[in-house]
Amino acid sequence: MKGFHQGSGLALIWLVASGSLGAAELVNRNITEADVKAAQDGWGKALVQISDDYRTGGIDKARATANAVLDSAYGYADGPVLFKPTLASGAQTFRLTKAGALAYFVGHDPAYPADTGFALKNWQRYRYDNAAIYIDGNMALTMGTVHLVDRDNKEVDVDKTWGFRKGDDGKERIILHHSSLPYSH
(Lines give C-alpha, C1' and ligand atoms only; values in the text may rest on other atoms or scores of the structure.)
Protein backbone atom coordinates (compact mmCIF):
# COMPACT_ATOMS: atom_id res chain seq x y z
CA MET A 1 0.00 0.00 0.00
CA LYS A 2 2.51 2.53 -1.14
CA GLY A 3 1.44 6.09 -0.37
CA PHE A 4 -0.66 5.24 2.67
CA HIS A 5 0.50 5.95 6.20
CA GLN A 6 -0.65 4.46 9.46
CA GLY A 7 -3.81 6.19 10.63
CA SER A 8 -4.83 7.20 7.13
CA GLY A 9 -8.56 6.98 6.56
CA LEU A 10 -7.87 6.05 2.93
CA ALA A 11 -5.77 3.08 4.04
CA LEU A 12 -8.62 1.82 6.21
CA ILE A 13 -11.13 2.25 3.38
CA TRP A 14 -8.82 0.32 1.03
CA LEU A 15 -8.47 -2.50 3.57
CA VAL A 16 -12.24 -2.78 3.99
CA ALA A 17 -12.86 -2.66 0.23
CA SER A 18 -10.21 -5.29 -0.43
CA GLY A 19 -11.68 -7.66 2.12
CA SER A 20 -8.55 -7.50 4.27
CA LEU A 21 -10.46 -5.94 7.16
CA GLY A 22 -14.11 -6.47 8.02
CA ALA A 23 -16.29 -3.40 8.50
CA ALA A 24 -16.96 -4.45 12.10
CA GLU A 25 -13.21 -4.05 12.77
CA LEU A 26 -13.03 -0.52 11.42
CA VAL A 27 -12.38 2.14 14.05
CA ASN A 28 -12.41 5.82 13.18
CA ARG A 29 -11.61 8.28 15.94
CA ASN A 30 -11.16 11.26 13.63
CA ILE A 31 -12.63 14.46 14.97
CA THR A 32 -14.67 16.64 12.62
CA GLU A 33 -15.41 20.36 12.43
CA ALA A 34 -18.98 19.58 13.51
CA ASP A 35 -17.62 17.70 16.55
CA VAL A 36 -15.49 20.70 17.48
CA LYS A 37 -18.35 23.17 17.15
CA ALA A 38 -20.64 20.89 19.17
CA ALA A 39 -18.03 20.73 21.93
CA GLN A 40 -17.69 24.54 21.92
CA ASP A 41 -21.48 24.92 22.06
CA GLY A 42 -21.59 22.42 24.91
CA TRP A 43 -19.00 24.43 26.84
CA GLY A 44 -20.99 27.66 26.43
CA LYS A 45 -24.28 26.03 27.43
CA ALA A 46 -22.59 24.49 30.47
CA LEU A 47 -21.19 27.86 31.57
CA VAL A 48 -24.67 29.40 31.39
CA GLN A 49 -26.15 26.38 33.22
CA ILE A 50 -23.64 26.69 36.08
CA SER A 51 -24.52 30.38 36.38
CA ASP A 52 -28.27 29.63 36.34
CA ASP A 53 -27.86 26.88 38.92
CA TYR A 54 -25.97 29.25 41.20
CA ARG A 55 -28.68 31.90 40.85
CA THR A 56 -31.54 29.46 41.53
CA GLY A 57 -29.95 26.89 43.84
CA GLY A 58 -26.82 28.35 45.39
CA ILE A 59 -23.23 27.20 45.47
CA ASP A 60 -23.93 23.51 46.13
CA LYS A 61 -26.06 23.20 43.00
CA ALA A 62 -23.54 25.17 40.92
CA ARG A 63 -20.64 23.07 42.23
CA ALA A 64 -22.47 19.83 41.38
CA THR A 65 -23.14 21.04 37.83
CA ALA A 66 -19.56 22.28 37.37
CA ASN A 67 -18.21 18.97 38.67
CA ALA A 68 -20.37 17.06 36.15
CA VAL A 69 -19.25 19.39 33.34
CA LEU A 70 -15.58 18.86 34.19
CA ASP A 71 -16.10 15.09 34.17
CA SER A 72 -17.95 15.14 30.87
CA ALA A 73 -16.35 17.92 28.83
CA TYR A 74 -12.73 17.87 30.03
CA GLY A 75 -10.11 15.12 29.77
CA TYR A 76 -9.00 15.07 33.42
CA ALA A 77 -9.73 11.31 33.62
CA ASP A 78 -6.97 10.73 31.04
CA GLY A 79 -4.32 12.97 32.61
CA PRO A 80 -3.57 16.64 33.10
CA VAL A 81 -5.55 19.20 31.14
CA LEU A 82 -3.58 22.26 30.08
CA PHE A 83 -5.91 24.85 31.61
CA LYS A 84 -4.97 28.52 31.85
CA PRO A 85 -8.00 30.47 33.08
CA THR A 86 -8.76 34.03 32.05
CA LEU A 87 -8.46 35.60 35.50
CA ALA A 88 -5.64 33.67 37.15
CA SER A 89 -2.15 34.76 38.08
CA GLY A 90 0.93 33.90 40.10
CA ALA A 91 1.56 30.37 41.30
CA GLN A 92 -2.03 29.37 40.42
CA THR A 93 -2.02 30.60 36.81
CA PHE A 94 -1.95 27.10 35.33
CA ARG A 95 -4.51 24.53 36.50
CA LEU A 96 -3.52 20.98 35.59
CA THR A 97 -6.00 19.30 37.96
CA LYS A 98 -9.76 19.06 38.07
CA ALA A 99 -9.73 20.63 41.56
CA GLY A 100 -8.01 23.72 40.17
CA ALA A 101 -10.51 24.03 37.33
CA LEU A 102 -13.47 23.54 39.68
CA ALA A 103 -12.15 26.27 41.98
CA TYR A 104 -11.82 28.62 39.02
CA PHE A 105 -15.37 27.99 37.80
CA VAL A 106 -17.18 28.15 41.16
CA GLY A 107 -14.73 29.57 43.72
CA HIS A 108 -15.40 28.75 47.39
CA ASP A 109 -12.17 26.75 47.75
CA PRO A 110 -9.67 27.90 50.42
CA ALA A 111 -6.83 26.33 48.41
CA TYR A 112 -7.57 28.92 45.67
CA PRO A 113 -8.35 32.09 47.65
CA ALA A 114 -8.23 34.44 44.63
CA ASP A 115 -10.94 32.51 42.75
CA THR A 116 -14.37 34.12 42.92
CA GLY A 117 -16.10 31.76 40.50
CA PHE A 118 -15.95 32.77 36.84
CA ALA A 119 -19.03 30.65 36.04
CA LEU A 120 -21.04 32.38 38.78
CA LYS A 121 -21.05 35.78 37.07
CA ASN A 122 -24.69 35.67 36.01
CA TRP A 123 -24.03 34.65 32.39
CA GLN A 124 -27.10 34.37 30.19
CA ARG A 125 -25.70 33.70 26.71
CA TYR A 126 -22.54 33.21 24.71
CA ARG A 127 -21.26 32.96 21.18
CA TYR A 128 -17.87 32.27 19.70
CA ASP A 129 -16.01 33.33 16.62
CA ASN A 130 -13.26 30.94 15.60
CA ALA A 131 -10.31 32.57 13.88
CA ALA A 132 -9.21 29.09 12.84
CA ILE A 133 -9.76 25.40 13.49
CA TYR A 134 -6.89 22.97 12.99
CA ILE A 135 -7.82 19.27 12.81
CA ASP A 136 -5.43 16.32 12.72
CA GLY A 137 -6.86 12.86 13.31
CA ASN A 138 -8.47 12.64 16.74
CA MET A 139 -7.16 16.07 17.83
CA ALA A 140 -8.36 19.58 17.03
CA LEU A 141 -7.23 23.05 18.04
CA THR A 142 -9.29 26.22 17.88
CA MET A 143 -8.41 29.84 18.43
CA GLY A 144 -10.80 32.75 18.52
CA THR A 145 -13.01 34.90 20.68
CA VAL A 146 -15.77 33.86 23.04
CA HIS A 147 -18.37 36.54 23.72
CA LEU A 148 -20.13 36.20 27.08
CA VAL A 149 -23.18 38.26 28.01
CA ASP A 150 -24.42 38.64 31.59
CA ARG A 151 -27.97 39.34 32.77
CA ASP A 152 -27.30 43.10 32.65
CA ASN A 153 -26.47 42.66 28.93
CA LYS A 154 -22.83 43.52 29.56
CA GLU A 155 -20.61 41.69 27.10
CA VAL A 156 -17.17 40.36 27.95
CA ASP A 157 -14.89 39.15 25.16
CA VAL A 158 -12.34 36.46 25.97
CA ASP A 159 -9.60 35.24 23.63
CA LYS A 160 -9.62 31.48 23.80
CA THR A 161 -7.58 28.58 22.51
CA TRP A 162 -9.00 25.10 22.95
CA GLY A 163 -7.54 21.69 22.26
CA PHE A 164 -9.95 18.78 21.84
CA ARG A 165 -9.23 15.05 21.69
CA LYS A 166 -11.72 12.41 20.64
CA GLY A 167 -11.30 9.48 23.03
CA ASP A 168 -11.81 5.76 22.72
CA ASP A 169 -15.46 6.30 23.68
CA GLY A 170 -15.97 8.58 20.64
CA LYS A 171 -16.50 11.72 22.77
CA GLU A 172 -14.56 14.95 22.32
CA ARG A 173 -13.01 16.33 25.49
CA ILE A 174 -11.09 19.50 26.19
CA ILE A 175 -7.40 18.84 26.86
CA LEU A 176 -6.21 22.44 26.36
CA HIS A 177 -8.09 25.52 27.56
CA HIS A 178 -6.24 28.83 27.41
CA SER A 179 -8.08 32.10 28.00
CA SER A 180 -7.01 35.70 28.19
CA LEU A 181 -8.57 39.12 28.00
CA PRO A 182 -7.89 40.97 24.76
CA TYR A 183 -4.88 43.28 24.92
CA SER A 184 -5.62 46.96 25.33
CA HIS A 185 -3.08 49.79 25.42
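When the listed pairs 98/154; 121/166; 45/121; 61/171; 61/160; 45/98 are checked against a 23 Å cut-off, the alpha-carbon distance exceeds it for 98/154; 121/166; 61/171; 61/160. If you plug each phi of region 162-175 into the Karplus form 6.51 cos²θ - 1.76 cosθ + 1.60 with θ = phi - 60°, what whole-Hz ³J(HN,Hα) values come out, in order, with x for Gly and Pro? Values per residue, Gly and Pro as x: 10, x, 10, 9, 8, x, 4, 7, x, 9, 7, 10, 6, 10 Hz. The longest stretch of the chain left intact once loop-based chymotrypsin sites (Phe, Trp or Tyr not before Pro) with at most 14 other Cβ atoms within 10 Å are removed from consideration, loops following DSSP, is 5-93. Here's how it looks for residue 86: its modeled amide H is under 5 Å from those of 179, which are all 5 or more places away or on a different chain.
Solvent-accessible area per residue in the chain equals 56 Å², computed with a 1.4 angstrom probe and all protein chains kept. Here the 3J(HN,Hα) profile of region 103-108, calculated from phi with Karplus coefficients 6.51, -1.76 and 1.60 at θ = phi - 60°, is 4, 5, 5, 10, x, 6 Hz, Gly and Pro shown as x.
When the chain is treated as a GNM with alpha-carbon contacts under 10 Å, the residue of 89, 51, 72 showing the greatest mean-square fluctuation is 89. Can you give me the relative contact order of the chain as a percent, contacts being Cα pairs under 8 Å and 6 or more apart? Across the chain, relative contact order equals 21 percent. Computed from backbone phi with θ = phi - 60° and the Karplus coefficients 6.51, -1.76 and 1.60, the 3J(HN,Hα) list for region 116-122 is 9, x, 4, 6, 8, 8, 6 Hz; x is used for glycine and proline.
The accessible surface of the chain, taken with every protein chain in place and a 1.4 Å probe, is 55 percent carbon and sulfur. The mean sequence distance of close C-alpha pairs (under 8 Å, at least 6 residues apart), as a share of the length of region 77-185, puts its relative contact order at 23 percent.
The values are calculated or read from the model by the stated rules, or taken from the named source; none is laboratory data. Keep in mind that what you see is a predicted model, and the values were worked out from it rather than measured. Neighbour counts run over all protein chains shown; Cβ positions are idealised from the backbone, glycine included. Accessible surface areas use protein heavy atoms only, side chains included; no ligands, DNA or RNA. Shrake-Rupley method; radii C 1.70, N 1.55, O 1.52, S 1.80 Å.
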